[in-house]
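The values are calculated or read from the model by the stated rules, or taken from the named source; none is laboratory data. None of these values were measured; they are calculated from a predicted model. Here the Cβ positions follow ideal geometry from the backbone for every residue, glycine too, while neighbour counts run over all protein chains shown. Accessible surface is based on the protein model in full, side chains and every heavy atom, while ligands, DNA and RNA are left aside. Shrake-Rupley method; radii C 1.70, N 1.55, O 1.52, S 1.80 Å.
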Amino acid sequence: MIGLNAAGPMEQFEIVPLVPLSLGTIDISLTNSALWMIIAVAVSAAFFLAAIRRRALVPGPLQSTAEVAYEFVADMVRGAIGQEGMKFFPYVFTLFIFILTANLLGLFPTIPGAPHGLHTFTTTSHIIVTFALAILSISIVIVYGFYKNGLGFLKLFAPSGVPIWLLPLIVLIEFVSFLSRPLSLSIRLFANMLAGHVILKVFATFIVMLFGAGATFGWLSIFPFLGIVAVTLLELLVAFLQAYVFAILTCIYLNDAVHAGHH
Amino acid sequence: MSLVAILVSAAAPAAAPVVEGAGEAGPGLPQMDASTYPSQLFWLAVTFGFLYWIMTSFVLPRLGGVIEERRDRIADDFDQAAEFKRKAEEAEAAYEAALADAKARARAIAAETRESLNEELAELQREADARVAASLAAAEARIAAMKEDAAAKVREAAAEVTRAVVEALIDETPTPEAVDSALNGVAKAA
């Protein structure tokens with residue numbers, strides 16, 4: 001009886017080693033998380049490589065979709081940073097596609113009866129992954145900011161036009177806000193993914209419980225089922241939206257590095 | 001089993017791990033299990049790096065290239081269309097000019113023809129006038145000659161008559177001088 005042994009809503013986030021590997025003393029086992037990262041990269045790479053196979057002047061559906069993604073991110077970068085921000089375009093594009101694919105893949109239902117550890121897994125529902133990506137973005141901002149502006153990058157913390165007696169307070173606030181950027185960036189994505197999947201799981205558990213309760217309440221399981229359909233639709237939106245938010249915020253932070261002087 | 005009981009028992013596993021996770025590390029939130037971090041970070045770096053490499057080496061240059069190419073092509077096509085339009089306008093202008101030219105030439109030819117016809121007409125008119133005038137003059141001359149002739153004959157007859165009358169009356173032949181002067185006197189009186 002598949003499904004009736006309802007797992008807890010947190011079990012879907014469990015990391016299960018599939019192939020034990022280690023680098024010195026560090027455990028780098030191929031886990032289900034790693035597997036889904038590989039699947040995400042394989043899927044997106046395969047998609048884009050297939051899309052550019054024929055560089056048609058009049059694009060087919062695949063190439064059109066890829067071009068829409070390209071233009072979407074390119075407009076995002078140009079809009080937030082300007083033309084000189086286009087040097088970060090490959091990074092923002094990769095970031096957006098990676099997060100989007102990972103988010104969307106996580107919404108596929110697990111094939112019933114899949115062996116332990118091979119359930120559908122959302123890599124972006126793990127704080128360490130989103131935090132690493134956030135730190136990567138912020139690191140690029142800091143490194144490029146100092147490379148481009150030298151110590152002038154520190155003007156970021158002292159907006160022009162602030163009275164001198166207010167400056168220490170403002171600098172402190174700006175500094176704290178700068179430090180909180182990677183946190184808000186990573187927690188936003190992680191928490192959205194976590195919450196969405198927990199809700200889906202809870203609804204699913206309701207269905208199983210009600211169904212198991214027999215004829216009296218069994219028919220009620222239609223409600224959580226409709227709930228799952230609705231939440232899945234919502235999660236599709238969230239999957240896209242969070243990838244977009246992550247990418248656009250990265251662009252906005254990069255804009256600080258490119259134009260440190262004026263704001 | 002009441003509905004409430006079912007819902008509570010369904011929700012229980014949802015709440016439990018969070019509560020446990022909030023306490024110490026262990027079977028709580030899997031995201032907080034730091035022992036999985038190195039592996040996740042390692043594979044994230046590998047997979048993200050690989051995707052970045054694929055994107056920068058293959059996908060983005062070609063996608064950007066084809067979009068650029070299309071933009072250029074469309075711009076070229078627009079230029080070409082403008083060129084064609086310009087040519088069409090030129091052709092139209094040339095046509096208009098040719099038309100105007102032809103019209104002017106037609107007008108000129110018409111005017112020329114009219115003028116030459118008028119000249120010819122005038123010539124004929126002059127000729128006819130001359131002929132008429134000539135025959136008029138000849139006729140007048142003839143009339144004058146005939147008049148003179150007739151007058152002479154009348155005078156001769158008058159002289160004859162006068163002579164005859166004088167001969168009959170006085171039986172004397174008057175001299176021609178006397179007859180002449182007598183006739184002249186009568187002619188003056190008449």
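Things worth noting here:
- Positions within the stretch A:44-71 being open to solvent by 40 Å² or more (accessible area, probe 1.4 Å), free of Cβ contacts under 8 Å to residues at least 12 places away in the same chain and under 21 Å from the mean Cα position of the chain (by Cα), in sequence order: A:Ala46, A:Val68, A:Glu71
- Selection of helices (runs of 4 or more DSSP H) fully inside the stretch A:154-261 by the criterion of at least 2 residues being in contact (Cβ under 8 Å) with a residue 60 or more places away in the chain returns A:167-212, A:222-258.
- Candidates are the residues of the stretch A:83-105 that are open to solvent by less than 20 Å² (accessible area, probe 1.4 Å) and away from chain B (no Cβ under 14 Å); the one that is nearest to A:Tyr244 (Cα to Cα) is A:Asn103.
- One residue stands out in the stretch A:185-220 among those that are hydroxyl-bearing (Ser, Thr, Tyr) and at the interface with chain B (Cβ under 10 Å from one of its Cβ atoms): the one that is least open to solvent (accessible area, probe 1.4 Å), namely A:Thr205.
- Odd one out for A:His119 among (1) touching a helix residue (DSSP H, G or I) at 6+ places or on another chain (Cβ under 6 Å); (2) within 14 Å of chain B (Cβ to nearest Cβ); (3) not aliphatic (A, V, I, L, M): (1)
- Failed criterion for A:Ile26 (all others in (1) in contact with a Cys (Cβ under 7 Å, 6 or more places away or on another chain); (2) open to solvent by 70 Å² or more (accessible area, probe 1.4 Å) hold): (1)
- The lone exception for B:Thr173 - which of (1) open to solvent by 60 Å² or more (accessible area, probe 1.4 Å); (2) of a type in the set (Ser, Thr, Tyr); (3) assigned to a helix (DSSP H, G or I) it fails: (3)
- Answer residue from the stretch B:56-68, given it is of a type outside the set (A, V, I, L, M), facing chain A (nearest Cβ under 7 Å) and within 16 Å of A:Val41 (Cβ to Cβ) and is least open to solvent (accessible area, probe 1.4 Å) among those: B:Thr56
- B:Asp76 in a helix (DSSP H, G or I), surrounded by 10 or more Cβ atoms within 10 Å (Cβ to Cβ) and more than 24 Å from the chain's Cα centre (by Cα): yes
- Qualifying positions in the stretch A:138-153 - touching a residue at least 24 places away in the same chain (Cβ under 8 Å), closer than 22 Å to A:Val92 by Cβ and out of contact with any Leu (no Cβ under 9 Å at 6 or more places or on another chain): A:Ile142, A:Lys148, A:Phe153
- Test: residue in the stretch B:93-102 that is within 14 Å of chain A (Cβ to nearest Cβ) and open to solvent by 60 Å² or more (accessible area, probe 1.4 Å): no
- The lone exception for B:Trp53 - which of (1) open to solvent by less than 70 Å² (accessible area, probe 1.4 Å); (2) more than 7 Å from chain A (Cβ to nearest Cβ); (3) at pLDDT 95 or above it fails: (1)
- The condition of being within 19 Å of B:Gly64 (Cβ to Cβ) and at pLDDT 95 or above holds for only one of A:Ala74, A:Ala42, A:Ala56, that being A:Ala74.
- Cross-chain or 6+ apart pairs with Cβ under 8 Å, the stretch A:14-40 first and more than 7 Å from chain B (Cβ to nearest Cβ), then of a type in the set (Val, Ile, Thr) and surrounded by fewer than 16 Cβ atoms within 10 Å (Cβ to Cβ): A:Leu30/A:Val19
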